[in-house]
Amino acid sequence: MIDLLTCENPENYVKIKKLSETNKPDSFLVSAQEYADYIINKAKDYQDSNISTTFLLFDNEENKVIAYISLICDMVSSTKSEKEKSNLMNVPFNSFPAVKIAQLAVSEEEWVREKYNHVGSYLIQFASVQAHIINLNYSACRFLTVDADIEIPNVLCLEKELS
């Protein structure tokens, strides 16, 4: 099994591409149907409307989508104690810029489960890198947040302060 977080060169096995009309999947096997519906029917329209940007994770051998992630702009509101914890007491406002993981799903096809480990964590790491790139080159970004669907088992809840 290939662990995408610990293997030396994950790009030998997978590649990440921005969603486009030419690489949009026709199907996506996942138990929560709304995640399949999103990537097949909604993600491209949301991207074209500047609502979210979606990235697809492809298996290099099969050239099939094994997972996807959609990112949006966000803000985090902080209480006084949260500002103290983040060393932000000198900042005169209580809301801070963030990038949010709005959608994330991993294919439940048998071959994907047998071949890869930590696919979702790999995409979260990708999102963190994107937030750092935004922060360094374009606009301030202090946090990475996740819009987690807590009714679905094994969903990770995350709010990460970028350093």
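The values are calculated or read from the model by the stated rules, or taken from the named source; none is laboratory data. From a predicted model like this one, the values you see are computed outputs, not experimental measurements. Neighbour counts are summed over all protein chains in view; Cβ atoms, including those assigned to glycine, are modelled from backbone coordinates with ideal geometry. Note: areas computed on protein heavy atoms with side chains; ligands, DNA, RNA excluded. Shrake-Rupley method; radii C 1.70, N 1.55, O 1.52, S 1.80 Å.
Quick notes
- Antiparallel DSSP beta bridges within the chain, percent to nearest 5: 80 percent
- Here is how the number arises for the chain: DSSP H runs of 4 or more residues each give -39500 (n - 2.57), the sum is divided by the residue count, and the result at 222 nm is -7000 deg cm²/dmol.
- Taking the square roots of 5 times each eigenvalue of the Cα gyration tensor of the range 25-104, largest first, gives ellipsoid semi-axes of 35, 13, 11 Å.
- The range 71-148 - share of DSSP beta bridges that are antiparallel (%, nearest 5): 65 percent
- For the chain, the residue among Ile134, Thr22, Leu5 whose Cα projects farthest onto the positive side of the dipole built from Cβ charges is Ile134.
- Euclidean distance of C-alpha centroids, the range 14-80 and the range 108-137, integer Å: 12 Å
- Summary: within the chain, the longest segment free of GluC sites (Glu not before Pro) located in DSSP loops with at most 15 other C-beta atoms within 10 Å is 63-107.
- Taking every alpha-carbon pair in the range 64-118 and binning the separations at 10 Å intervals from zero gives 20, 29, 20, 18, 13, 0 percent.
- The mean accessible area for residues of the range 24-104, using a 1.4 Å probe and ignoring ligands and nucleic acids, is 55 Å² per residue.
- The apolar share of the surface of the chain, taken as the fraction of accessible area on carbon and sulfur atoms (1.4 Å probe, ligands and nucleic acids excluded), comes to 48 percent.
- Computed over neighbours whose Cβ is under 11 Å from that of Glu109, the net charge equals -2, Lys and Arg +1, Asp and Glu -1.
- Here the Kirkwood formula, the inverse mean of 1/r across different C-alpha pairs, assigns the range 71-154 a hydrodynamic radius of 14.8 Å.
- Within the chain, the proportion of C-alpha pairs whose separation exceeds 24 Å stands at 38%.
- The range 6-65 gives an Rg/Rh value of 1.01, both radii derived from C-alpha positions and Rh following Kirkwood.
- Shown in residue order for the range 113-122 are the 3J(HN,Hα) couplings computed by the Karplus curve 6.51 cos²θ - 1.76 cosθ + 1.60 at θ = phi - 60°: 5, 7, 8, 10, 10, 6, 5, x, 5, 4 Hz (x for Gly and Pro).
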